[in-house]
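Below is one structure, written out as structure tokens; comments come after it.
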Amino acid sequence: MPLSDYITTIGLEVHAQLKTQSKMFCSCPVSYGKETNSTTCPVCLGLPGALPVLNKQAIESTILTGLMLDCGISSPSKWDRKNYFYPDMPKDYQLTQFDKPLCVGGGVPLYEYAYPKDMQKNIPNPGKVVELNRIHLEEDVAKSTHHANHTSIDFNRAGTPLMEIVTEPDIDTAEEAVAYLSSLRQILVYGDVSDADMEKGQMRCDVNISLRKKGTTELGAKVELKNLNSTSAVRRAIHFEEIRQSEELDAGIAQIQSTRRWNDDRGETTIMRTKEDAHDYRYFPEPDLLPVVTTEMEAAARKLIPELPHQKNARFQKDFQLSDYDAAVLSSDLDLATYFEEGTKHTSHPKKLANWIINNTLGELNERSLEISDFPVQPTQLATLVNLLEDDKITGGQAREVFTEMATNGTDPEAVIKAKGFEPMEDDGSIDTFCDQVIADNPGPVGEIQGGNAKAIGFLVGQVIKLSKGKANPKVVSGKLREKIG
């Protein structure tokens with residue numbers, strides 16, 4: 001039976017580290033790249049007798065996240081112990097939330113340009129919002145590194161505030177899963193609640209996937225894929241599981257609820273453990289932490305809700321007359337959107353500025369593996385270059401050459417123009433002389449223009465530019481030639 005005869009159902013559990021100064025239940029600093037096991041204390045090491053203290057900022061950030069995603073906010077919200085033994089959780093339990101999480105319901109809009117590029121022109125469900133089940137707050141575990149004959153553990157990460165954002169089984173394809181992760185990351189960054197950098201482990205993803213035959217309604221057995229740390233890994237792992245499960249179902253092998261590990265190098269999943277449900281963790285209320293009444297924190301967080309990516313997209317189209325594509329590209333990255341908006345303060349040509357950012361700046365960033373925050377060209381400088389081009393002070397070719405120099409050295413465009421001798425030719429009669437000479441030397445093209453072939457003027461413009469050694473403005477030259485030829 002081909003894969004097309006099955007329906008895939010996917011749910012995601014995303015773990016996102018919050019941007020806080022200290023850990024969830026102690027005062028140890030949250031850090032990345034510090035010396036191994038250097039930011040620890042009795043609480044995050046799980047030593048006997050150590051008592052947890054709540055991090056208010058983490059609670060506020062989670063509530064803000066819930067409001068950005070249209071969740072309901074629970075009040076009171078309580079804390080629970082999730083009991084299990086792993087070497088990276090020395091207490092033998094994790095402080096988390098079970099039946100009264102901070103946020104319930106809500107949804108994540110799938111932005112069109114958050115889909116993989118090869119899918120953006122053929123999106124099955126445009127405008128889809130993936131339904132959320134809950135967002136709860138917990139502590140992260142330590143980081144385990146597996147070597148040939150042993151495993152090392154770094155407890156610097158242990159205790160870092162961690163949001164778990166859980167969807168309903170509402171995702172249909174691997175490509176929708178990618179769009180969900182990209183859209184969610186944009187929103188978290190816009191709210192400044194998390195950097196959500198998957199490469200740094202600040203955002204990780206578990207995938208729940210099941211297959212059922214078309215025409216049936218009961219979901220198939222859930223298979224969980226643990227700790228995927230890139231959107232490409234998520235996409236590949238889902239595609240692999242779809243094929244694996246469909247082939248086994250075709251062979252009469254029933255699927256059982258299980259957890260599997262993704263091997264990115266081999267491009268396949270392997271079994272870790274079978275059936276695991278909530279009761280296996282023996283949840284019970286945390287005796288050392290009181291429930292939290294969130295009413296006042298919710299009211300304060302509502303005042304902090306930022307303009308979200310889809311809202312900024314709509315405003316860019318309205319205020320700057322950008323196309324949907326240009327607005328979506330610029331709003332997809334907060335730093336890029338900020339760069340563009342700062343540039344618009346210094347030019348009356350916002351659409352041209354957007355074109356330069358999308359067509360030129362992004363190319364430079366990709367080629368040099370830079371972030372926009374590291375780009376040598378300031379938004380005011382790029383706006384100045386756009387103004388010079390639109391005011392006919394330089395040609396398009398010259399502008400591109402100037403931009404390359406600016407991108408290399410961060411030099412002001414006026415300085416580059418002066419150094420390269422690109423200052424426009426003064427209209428002292430020289431351009432008229434050049435035009436007269438070119439008209440006299442090229443009766444053929446002149447006749448074509450007079451006969452109605454307007455495109456032939458391009459050749460004559462080029463000849464004038466050559467005579468002026470590249471300093472004559474093509475627009476000015478074209479105007480004068482048309483006037484003289486009639």
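The values are calculated or read from the model by the stated rules, or taken from the named source; none is laboratory data. Predicted, not measured: the structure shown is a model, and the values here were computed from it. Glycine gets a Cβ as well: all are built from the backbone with ideal geometry, and neighbour counts include every protein chain shown. These area figures cover heavy atoms from the full protein model, side chains too; ligands, DNA and RNA do not enter into them. Shrake-Rupley method; radii C 1.70, N 1.55, O 1.52, S 1.80 Å.
What the table below lists for this structure:
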| item | result |
| --- | --- |
| Pairs where the first residue, in region 191-203, is without any contact (Cβ under 8 Å) to a residue 60 or more places away in the chain and the second is in a loop (DSSP other than H, G, I, E, B), C-beta under 6 Å, 6+ apart | 198/229; 198/230 |
| Contacts under 6 angstrom Cβ, first residue in region 446-460 being within 13 Å of residue 475 (Cα to Cα), partner in a helix (DSSP H, G or I), 6 or more apart | 457/449; 457/481; 460/438; 460/445; 460/481 |
| Region 81-103: number of residues that are touching a helix residue (DSSP H, G or I) at 6+ places or on another chain (Cβ under 8 Å) and either at pLDDT 95 or above or part of a loop (DSSP other than H, G, I, E, B) (or both) | 4 |
| Whichever residue in region 95-140 is surrounded by fewer than 20 Cβ atoms within 10 Å (Cβ to Cβ) and of a type in the set (A, V, I, L, M, F, W, C) and, among such residues, is farthest from residue 171 (Cα to Cα) | 98 |
| Among (1) more than 30 Å from residue 327 (Cα to Cα); (2) touching a helix residue (DSSP H, G or I) at 6+ places or on another chain (Cβ under 9 Å); (3) of a type in the set (A, V, I, L, M), the one test that residue 63 misses | (1) |
| Any hit, region 409-430, residues being assigned to a helix (DSSP H, G or I), in contact (Cβ under 8 Å) with a residue 12 or more places away in the chain, in contact with a Pro (Cβ under 8 Å, 6 or more places away or on another chain) and under 25 Å from residue 335 (Cα atoms) | yes |
| Selection from region 45-93 of residues that are within 30 Å of residue 150 (Cβ to Cβ) and open to solvent by less than 10 Å² (accessible area, probe 1.4 Å) | 89 |
| Strands (runs of 3 or more DSSP E) enclosed by region 111-186 - at least 1 residues per element that are touching a helix residue (DSSP H, G or I) at 6+ places or on another chain (Cβ under 7 Å) | 129-139, 161-167 |
| Odd one out for residue 274 among (1) over 30 Å from residue 61 (Cα atoms); (2) open to solvent by less than 50 Å² (accessible area, probe 1.4 Å) | (2) |
| Some residue of region 20-43 being more than 18 Å from residue 157 (Cβ to Cβ) and either out of contact with any Cys (no Cβ under 9 Å at 6 or more places or on another chain) or open to solvent by 70 Å² or more (accessible area, probe 1.4 Å) (or both) | no |
| Output for region 244-271, where each listed residue is out of contact with any strand residue (DSSP E or B) (no Cβ under 9 Å at 6 or more places or on another chain), touching a residue at least 24 places away in the same chain (Cβ under 8 Å) and surrounded by 13 or more Cβ atoms within 10 Å (Cβ to Cβ) | 250 |
